[in-house]
1. Could you please report the charge total around Asp67, scoring K, R as +1 and D, E as -1 over all other residues with beta-carbon less than 14 angstrom from its beta-carbon?
2. Evaluate the distance, in nm, between pseudo-label points positioned 7 Å from the Cα of Arg195 and of Glu39 along their respective Cα→Cβ axes.
3. Give the long-range amide H neighbours of His186: residues separated by 5 or more places, or on another chain, with amide H under 5 Å away, using H modelled in the peptide plane at 1.01 Å from N.
4. With 10 angstrom as the radius, rank Ile271, Ile106, Ile184 by how many other C-beta atoms surround their C-beta, starting from the fewest.
5. Would you order Ile24, Ile241 from fewest to most other beta-carbon atoms within 10 Å of each residue's own beta-carbon?
6. Using θ = phi - 60° and the Karplus curve 6.51 cos²θ - 1.76 cosθ + 1.60, what whole-Hz ³J(HN,Hα) does each residue of segment 207-219 get, with Gly and Pro shown as x?
7. For segment 166-183, just list the computed ³J(HN,Hα) in residue order, Karplus coefficients 6.51, -1.76 and 1.60, θ = phi - 60°, integers in Hz, with x standing in for Gly and Pro.
8. Can you list the residues, at least 5 places off or on another chain, whose amide H is less than 5 Å from the amide H of Thr245, using H built in the peptide plane?
Amino acid sequence: MKKILVPCDFSSQAIDAFRVALDIAKQSKGEVHLLNVIEIPIMYDTVLMPSLSFEETLFKELKATADKQFAKLKNKYAKEFKKLTTASIYGITALAILNYVEDEEIDLVVMGSKGVSGMEEALIGSNAEKIVRRSSVPVLIVKKYYKVSSIKNIVFPSTLEQDHEDLVMKVKLLQNFFKATLNIVHIKTPSNFKRDTDTLKRLKEFVKRFMLKDYTINIYNDTYEESGVINFTHSIGADIIAMGTHGRKGLAHILSGSVTEDVVNHVDCPIWTYTMKD
């Protein structure tokens, strides 16, 4: 977690994400990139140049406003922090963030999110959900500021269907960074019923295979996987959830959905996600 990107629209959630990123960077001796993406509506005109000229002027004005906001944030939260980069770019928010991750070789994205629900979630989702689905690096979603030093318990849901070594290795690094206990949990629902004895055996095999340390293994019953993850997290007072996602796109995503993205939208504690390589 040496190069951390914080997409920033200057909302309270984005500012909280910035503060969390600063705490992580100070602990990892890393750097923070604050990125403001300016989305300008497409202007239609019978003559091309007047429309382009108007957009260029508007972009310059919005960039100047963003620079002033960056200066306020730095003065309030990062006056002594030397490894801070700020940038304003013009584009579609999710795509611009993903491109910045690749261009600048970012290794962690920290995003603030209010979450979405109902019809908004079904139709468009949130920018946070889009980044979670498509990011090549881990994404940490926060709903409010929390002290990084307070993270001592991580919830790590396991489906037991397929082991993803790249995900587990990332989670082990996360656990080591926070020096936290890893609470491995399998959510048992009516649609995926298995005997507890069989599930416990597979959980123990999982732990042994990846040589996990400082862990607990758990089985939690709930109606749905999403609510099970959230309710289990609350029941043990955990500080953060770590989950993998397949990053499905288009029709496959609409048909199958994603438990991880549902949790991102509805949980109130921080959630760390990683898109698994199929």
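1. +4
2. 5.2
3. Ser158, Asn218, Ile219, Tyr220
4. Ile184, Ile106, Ile271
5. Ile24, Ile241
6. Using θ = phi - 60°, the values come out as 4, 5, 4, 9, 6, 6, 10, 6, 9, 10, 10, 9, 10 Hz.
7. Once rounded to whole Hz, the list reads 4, 5, 4, 4, 5, 5, 4, 5, 4, 4, 5, 4, 8, 6, 10, 7, 9, 9.
8. Residues meeting the amide H criterion: Tyr274, Thr275, Met276.
Any read-out appearing in this document is the output of simple, stated calculations on the displayed coordinates, not a laboratory observation. Keep in mind the model is a prediction, meaning the values are calculated, not measured. Virtual Cβ from ideal backbone geometry, glycine too; neighbours counted across all protein chains shown.
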